[in-house]
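A short worksheet on the structure shown next.
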Amino acid sequence: MNNNNQQININPDDLTDVVCEECGCQVFEPAFLFKKISAVLSPNGKASMIPLNIFKCSDCGHINKEFIPNNKDGKKVL
Ligand SMILES: [Zn+2]
């Protein structure tokens, strides 16, 4: 077995570009969503805010649906 061949060679031309749904921009920058957690659900028994890291379009600020994590009910956060 030749381990040198185990590397996955990814050709960028074979990949699908992720672009902004609104303006087609390919550049994204990090942003945060905040979720409120009630005292009942919170591990420390206190209501608090939980930041979720997400990416937004650097051009128009739009957040693609595919970047938005699902909550435990299977519904979109936004
Ligand atoms: Zn955009």
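The values are calculated or read from the model by the stated rules, or taken from the named source; none is laboratory data. None of these values were measured; they are calculated from a predicted model. Using ideal geometry, Cβ is built from the backbone for each residue, glycine included, and neighbour counts are taken over all protein chains shown.
Worth a mention:
- Of all residues in region 33-53, those that are part of a loop (DSSP other than H, G, I, E, B) have Cβ atoms under 7 Å from Cβ atoms of residues that are hydroxyl-bearing (S, T, Y) and surrounded by 10 or more Cβ atoms within 10 Å (Cβ to Cβ), 6 or more apart or on another chain, in S42/S48.
- Candidates in region 38-55 are the residues that are at pLDDT 90 or above and among the β-branched types (V, I, T); of these, the one that is nearest to F67 (Cα to Cα) is I54.
- Considering (1) within 16 Å of the ligand (Cβ to nearest atom); (2) surrounded by 10 or more Cβ atoms within 10 Å (Cβ to Cβ); (3) not small (G, A, S), the lone condition that P30 does not fulfil carries the number (2).
- Complete set of residues in region 8-27 that are surrounded by 10 or more Cβ atoms within 10 Å (Cβ to Cβ), free of Cβ contacts under 8 Å to residues at least 24 places away in the same chain and either among the hydrophobic types (A, V, I, L, M, F, W, C) or over 22 Å from G61 (Cβ atoms) (or both): V19
- Filter result for L15 (touching a Phe, Trp or Tyr at 6+ places or on another chain (Cβ under 8 Å), modelled with pLDDT under 90 and among the aliphatic types (A, V, I, L, M)): no
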